[in-house]
Amino acid sequence: MARTVRETERKYDAADGVRLPDPAAVAGVAAAQPGGVTALDALYYDTEDRRLAADGLTLRRRTGGPDPGWHLKLPVRPDVRDEIRAPLADAVPPELAALVRSRVRGAALVPVMRLRTRREVTLLTDVTGTPLAELAYDEVRAERPDGTRASWCEVEAELSPGAAPELLDALDAWLRAGGLTPGAYPSKLARALA
């Protein structure tokens, strides 16, 4: 059974090994705690002519991390996407395939990119210990089915459910002051395809 999760996040380009100052300097953030390191392995699907990517959608099968399975991401507005999740399976789940039917118009969904990511997470909390946001430092390796490869580092700042949207702006100012620049692409897949 599929379920929907709303994500509010911004992406930033980062130099390999960049380290940021203490995020507790951001108004409302009381503590920053290590959230661990995970290895993510995602295989992205689209039509041969990239019909999903043309509409800003991504469909992936991912292992590793706290939410393995199939993820269909749909843009809602800038910085906000709905992620529809389905359990891990070998083939595209029928409920997700049905949601993209109008865009693929009968074309086959095929693997277009594999992304392997080493993710180091920092959890930001308020004075009561309530989660506010998650910072993820990602080292990404992309590989197309033809063997073409690319790699880069990026930082994602994602609000926790219920966190004030203004926090994203405060984190944005702090991340920019720390030397990061806004990501040039809306998703890892878009960057890999470029």
Exercise. Note the full-extension length gain between A15 and E143 as 0.36 nm times their separation in residues minus their Cα-Cα distance, in nm to one decimal.
Key: 44.1 nm
Quiz item: Taking the alpha-carbon centroid of each part, what is the distance from the range 39-67 to the range 154-179 in angstrom?
Solution: 24
Exercise. Return the carbon/sulfur percentage of the accessible area of the range 112-194, one whole number, probe 1.4 Å, all protein chains in place.
Key: 51
Self-check item: Principal-axis tilt of helix 166-177 within the chain, Cα atoms, nearest 10 degrees
Solution: 80
Quiz item: What size of dipole, in debye to the nearest 20, comes out for the range 3-193 about its Cα centre when the only charges are +1 on Lys and Arg C-beta atoms and -1 on Asp and Glu C-beta atoms?
Solution: 700
Practice problem: Take the alpha carbon gyration tensor of the range 118-194, find the square roots of its eigenvalues, order them as a ≥ b ≥ c, and report rounded if a/c is under 1.5; if not, report prolate when a/b exceeds b/c, else oblate. | Solution: prolate
Self-check item: Carbon + sulfur, % of accessible area of the range 1-104 - ligands and nucleic acids excluded, 1.4 Å
Solution: 54
Self-check item: Solvent-accessible surface (1.4 angstrom probe) belonging to D82, in square angstrom, nearest 10
Solution: 30
Quiz item: Can you pull the accessible area of T38 for me, 1.4 Å probe, Å² to the nearest 10?
Solution: 50
Quiz item: Accessible area, 1.4 Å probe, largest first: how do R176, R10 sort?
Solution: R176, R10
Exercise. Could you point to the label whose value was computed as Cα extents along the principal axes in Å for the structure here, given (1) 51, 34, 27; (2) 70, 43, 25; (3) 40, 38, 32?
Key: (1)
Quiz item: Which of the trypsin sites (Lys or Arg not before Pro) across the range 64-156 are loop residues per DSSP, with 15 or fewer other Cβ within 10 Å?
Solution: R105
Quiz prompt | Distance in nm between pseudo-label sites at D90 and R103 (7 Å out along the Cβ direction from Cα) | solution = 2.6
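Give the accessible surface of the range 1-74 per residue, rounded to a whole number of Å², with probe radius 1.4 Å and ligands, DNA and RNA excluded.
Result: 49 Å² per residue.
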Quiz prompt | Simple spin-label estimate for V76 and V127 in nanometres, 7 Å along Cα-Cβ | solution = 2.9
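The values are calculated or read from the model by the stated rules, or taken from the named source; none is laboratory data. Computed from a predicted model, the values in this text were never measured in an experiment. Positions of Cβ are generated from backbone atoms using ideal geometry, with glycine treated the same way; all protein chains shown enter the neighbour counts. Ligands, DNA and RNA are stripped out before the accessible areas are found, and what is left, the full protein with its side chains, is counted by its heavy atoms. Shrake-Rupley method; radii C 1.70, N 1.55, O 1.52, S 1.80 Å.
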